[in-house]
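The values are calculated or read from the model by the stated rules, or taken from the named source; none is laboratory data. Note that the structure is a prediction, hence the values are computed from the model and not measured. Cβ sites come from the backbone with ideal geometry, for glycine too, and all protein chains shown count toward neighbours. Protein only, heavy atoms only, side chains kept; ligands, DNA and RNA dropped before computing areas. Shrake-Rupley method; radii C 1.70, N 1.55, O 1.52, S 1.80 Å.
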Amino acid sequence: MAIHLYKNKWVNRATVIYWLLLIYVLAALVWWFIALNIQNHKMAEYKLSLLTQNDAAYHQKVEKIYSERDRLTTAYLSEGLVFLSVILIGAVFLYSAVMRQLRIQRQQQNFMMAITHELKTPISIARLNIETLQKHVLEDSKKEKILKSSLQELNRLNTLTGNILVSAQLEGGSYLFNKEELNFSRITTDSLQDFTNRFPTRPWISSIEPDLFVMGDPLLMQILINNLIENAVKYSPPDSPISVELSKEGPEGVLEVKDEGSGIPKKEHKRIFQKFYRMGNENTRTAQGTGLGLYLCRKITQDHKMRLQVKDNHPQGTIFTVRFNTLQI
């Protein structure tokens with residue numbers, strides 16, 4: 001917390017210094033124009049004072065002096081506007097770049113805080129369960145319950161590390177796609193069954209049309225479905241229903257994952273797909289997560305020419321929709 005406050009103070013100071021320097025540069029530019037213009041007018045007055053009215057070309061010379069003065073004023077103004085435009089464009093670009101870098105840095109810090117917690121929790125639970133089995137003689141039913149709990153936590157740890165690895169490979173272009181004809185209905189059914197086993201007390205609503213096939217990578221399709229359902233689980237009350245629907249609309253397949261959580265503000269609809277982005281503050285939020293799940297979903301759908309959309313559920317909650325072209329088998 002102390003480091004965070006120190007960095008905030010540093011950012012605030014740097015921002016103040018930036019704006020003061022920008023104001024100073026703009027003021028210097030304005031002063032430069034005023035000084036040159038004053039000098040220009042004085043030079044014109046001096047040239048006029050050297051003329052004599054008895055000169056036959058007096059009026060022509062006066063007009064020439066005024067014309068020269070106006071030309072220089074226009075030149076100074078044009079140069080000043082060019083300099084002002086360059087300065088403002090550079091200032092906006094620099095400020096945007098710095099703010100973007102700071103935002104990325106904050107998101108990475110939040111990711112490190114989240115990933116530390118996400119890694120520590122399943123490891124701690126699995127370790128505690130193993131120590132319990134090692135130190136105590138338990139009934140078979142209790143042993144099975146403890147082993148089941150440990151296996152669930154290890155599966156969660158495996159999913160987390162898998163998301164991190166796949167995210168890095170997709171972003172770096174090193175992931176080797178293995179696209180093949182897949183029964184998307186079967187993958188969805190298997191994923192939903194896995195979540196039903198993990199959360200048996202939660203109400204589950206499903207409507208899955210059989211034998212919808214898609215051309216895709218098996219691992220990425222599984223990650224896509226798992227992350228959407230996992231997101232619904234994390235951000236909705238434990239006793240609220242989650243609906244998973246897979247249907248066909250013309251040539252397209254449509255997957256919808258609906259929850260009845262607090263929902264997502266419309267201004268956040270685009271941000272939630274950014275890497276490491278999570279709503280709220282990492283120190284105060286209660287939902288688990290790393291900010292990679294929905295980012296991976298967007299990346300996977302883009303790589304498979306699918307469309308991922310988010311909208312509000314009524315009366316409350318969120319609906320994530322994936323639209324894709326089905327194969328005729």
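Specify the residue that is nearest to S67 (Cα to Cα); the eligible residues are those in region 31-45 that are touching a residue at least 12 places away in the same chain (Cβ under 8 Å) and either of a type in the set (F, W, Y) or open to solvent by 100 Å² or more (accessible area, probe 1.4 Å) (or both).
This residue is F33.
Can you name the residue in region 56-71 that is assigned to a helix (DSSP H, G or I), farther than 15 Å from K42 by Cβ and not acidic (D, E) and, of all such residues, is most open to solvent (accessible area, probe 1.4 Å)?
K64
Could you go through region 149-171 and let me know if any residue there is open to solvent by 90 Å² or more (accessible area, probe 1.4 Å) and touching a residue at least 40 places away in the same chain (Cβ under 8 Å).
Taking every residue of region 149-171 in turn, at least one turns out to be open to solvent by 90 Å² or more (accessible area, probe 1.4 Å) and touching a residue at least 40 places away in the same chain (Cβ under 8 Å).
Looking at region 212-225, is at least one residue surrounded by fewer than 19 Cβ atoms within 10 Å (Cβ to Cβ) and farther than 24 Å from S167 by Cα?
Within region 212-225, one or more residues are surrounded by fewer than 19 Cβ atoms within 10 Å (Cβ to Cβ) and farther than 24 Å from S167 by Cα.
Name, by its number, the condition in (1) within 17 Å of D303 (Cα to Cα); (2) of a type outside the set (D, E, K, R); (3) within 27 Å of the chain's Cα centre (by Cα) that does not hold for G261.
With respect to (1) within 17 Å of D303 (Cα to Cα); (2) of a type outside the set (D, E, K, R); (3) within 27 Å of the chain's Cα centre (by Cα), G261 is out only on (1).
Could you tell me which of the residues L84, L51, L94 is outside any helix (DSSP H, G or I) and at pLDDT below 90?
Exactly one residue qualifies, and that residue is L51.
Looking at region 183-211 only, could you name the residues that are surrounded by 14 or more Cβ atoms within 10 Å (Cβ to Cβ) and within 13 Å of G253 (Cα to Cα)?
N183, F184, S185, T188, I208, E209
Under 6 Å between Cβ atoms, at least 6 apart or on separate chains: pull out the pairs that start in region 213-229 with a residue that is free of Cβ contacts under 8 Å to residues at least 40 places away in the same chain and end on any residue that is buried (at least 23 other Cβ atoms within 10 Å of the Cβ) and in a helix (DSSP H, G or I).
Close Cβ pairs satisfying both conditions: I225/T188.
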